[in-house]
Amino acid sequence: MPFPLCRHLKPNGYRCQSPALTGKVWCYFHQHLHQRRRPALPSTNRNFKLPPVPDRRSVQSALSLVITAIANGELSTRRAGQLLTALQMASGNAALLEAATPPNPDRNDAEFPQTASHA
């Protein structure tokens, strides 16, 4: 029988694979993590921080954070533009680095399924 998984996205872009609490969208750990987060004051750029972006998956995750902050009014349009430009450069750099790096056969980049089932 399938059960819902936690909707938290890790900095590398992968979804948490723990089961979500009954009637909630996050697992026990991430439910408490999201409850502790305080929303930034409108137009407060100083409180907005991005995680490191070493690869393109992390760039996608950071992009999602910037888009959410823009939609919530937590970033000025100037600061948002600066961050989006920086993410664009990071994405290009990551693509060049990934192209220059030989593939690692031990690494599995397959997407995790949205639901799992008990065996």
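The values are calculated or read from the model by the stated rules, or taken from the named source; none is laboratory data. Only a predicted model underlies this, so the values are computations on that prediction, with no experimental measurement involved. So basically every Cβ, Gly included, is an ideal-geometry build from the backbone, and we count neighbours across all protein chains shown.
Quick notes
- Residues (over 13 Å from Ala86 (Cα atoms) and assigned to a helix (DSSP H, G or I)) located in region 59-76: Ser61, Ser64, Leu65, Ile67, Thr68, Ala69, Ile70, Ala71
- The set of residues from region 1-22 being free of Cβ contacts under 8 Å to residues at least 12 places away in the same chain and either exposed (fewer than 14 other Cβ atoms within 10 Å of the Cβ) or outside any loop (DSSP other than H, G, I, E, B) (or both) comprises just one member, Thr22.
Conditions (1) closer than 22 Å to Asn12 by Cβ; (2) modelled with pLDDT of 80 or more; (3) within 19 Å of the chain's Cα centre (by Cα), marked per residue:
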site	(1), (2), (3)
Val25	yes, yes, yes
Arg37	yes, no, yes
Gln60	yes, yes, yes
Leu87	yes, yes, yes
Ala100	yes, no, no
Glu111	yes, no, yes
